[in-house]
Every structure is written in C-alpha cells, then in structure tokens.
Amino acid sequence: MDLLPGIIYSFATLFIILDPLLSIPIFAAMTKGQSPAEIHKQAFIAVAVAGSLMYLFLVFNKLIFDILGLNIPSFQIAGGVLLFILGIQEALGIELGHSKGHAKTAAGVVIGTPLLCGPGAITTVMLLSKDYGLLIPFVAITLSLLATWVILYYSEFIQRVLGDVVTDIMGKMLGMLLAAIAVNLIVSGVLTIVVG
C-alpha cells in the first residue's frame, strides 16, 4: 500500500536534487558544435556516472557508515545543511564550484558529477534507503535517471524552446523546493537525536 506513495516521494525528491533542468544550459554550452550522436552519447555518460554513484551509495551505505563511524541522525543533519546550501545557491543563481573550463569531451562526466550527482544526491539516497529500504529508492533512482536522460538527450531542443529566462526561473523554483526538503531533513535529524 505504501509502495506507490514512497516511490512518488522519493522520485520527486531525487528529481529536484538532480535538477536536470539546471544542467541544460551548461550541458548545451559544453556540447556546442558536437554532432547529435555525440551529444546523445554525452547525455548517456552523464546519467551513467550519476547512476553508478547513486546505486553504489544505495547498496553499500551501511558499510560506508560502519567504516567511517557515522550514524544516521548526525549524517541527516549534516546532509540537510548541505542540501539547504545547495538549494539556496540554486534559488539565488549562485554557481560556486561549477567549473566551465572542462573540455567538451568531458561534458558527460562533468555533468554526471558533481553537477547531477553531488553530495546532496548521495546524502538523499542514503537517507531514503534508511526510510524505505532498497526497493523504493532503487525504483525512484531509476525513474529519476531516466527522466534526466530524456531531458539531457533533448537539451538543445528544450533550451531553444524554453529559452534562458524560463529555464533559469525553473531552476530557481527547484532550488527553493530543495531548501524546503533540507529544512525537513534537519528538523527530523534533530528530533531523532533529542527524542533518542
């Protein structure tokens, strides 16, 4: 009974954090002048890189926690703070750490990480696995990666249709939603520690 709501929530959260719409202008600029086949290849590479990291942390997060001596509530608070910063950056249009000096052949890798799958996405995957186990986050990751691939695949067309202003506004709106999700994570983590 809780399967569909869990998948919808997890998918929405991951899609907002991956924010492929924010990547459209950057991806289009980095692949400018390349053939459609090469652009499609870079889109696949970007999604493959992001997906590999997300599935890795979904499956092995407990092992990683044990090795590093971490616990879920403290990681939840730290991850929430990080997500809040990322959300504020997107909402305000700040692009700290976004390098534009990479070669076009590396577009897929650069978009895949850290732009798509950065610390925020990894944190979210680990927290979702805590709340839902493996199945629901696995399905949600797969759906969000599929949606991201479609958006990057047609990035040039989307950029041309929507224009810079609309894509910028959508990125800012997703940033605000990300900040709100982050506040919820921080509050939940603090309550877990306080209540015990």
Using alpha-carbon pairs under 8 Å, 6+ residues apart, how would you state the relative contact order of the chain in percent?
48
Quick one: accessible surface of K41, probe radius 1.4 Å, all protein chains present, in square angstrom to the nearest 10.
110
Under a crude label model (7 Å from the Cα following the beta-carbon direction), how far is V187 from A78 in nanometres?
2.4
Rank Y9, Y55 by accessible area, highest first, at a 1.4 Å probe radius?
Y9, Y55
Rounded, prolate or oblate: which one fits the chain, using the alpha carbon gyration tensor with axes a ≥ b ≥ c (rounded when a/c is under 1.5, else prolate when a/b beats b/c, else oblate)?
prolate
Degrees separating the helix 155-195 axis from the principal Cα axis of the chain, which is the longest one:
10
Please give the helix 72-92 orientation as an angle from the longest Cα principal axis of the chain, in degrees from 0 to 90, rounded to the nearest 10.
30
C-alpha long axis of helix 135-153 to longest principal axis of the chain, angle in °:
20
Under the helix-only model (-39500 (n - 2.57) for each DSSP H run of 4 or more, divided by the residues of the chain), the mean residue ellipticity at 222 nm, to 500 deg cm²/dmol, is -28000 deg cm²/dmol
Spacing of the two label points (7 Å from each Cα toward its C-beta) at V166 and L134, in nm
4.2
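The values are calculated or read from the model by the stated rules, or taken from the named source; none is laboratory data. Computed from a predicted structure; not experimentally measured. A quick note on method: Cβ atoms are made from the backbone with ideal geometry, for glycine too, and the neighbour counts reach across all protein chains shown. These accessible areas exclude ligands, DNA and RNA; they are computed on the full protein's heavy atoms, side chains included. Shrake-Rupley method; radii C 1.70, N 1.55, O 1.52, S 1.80 Å.
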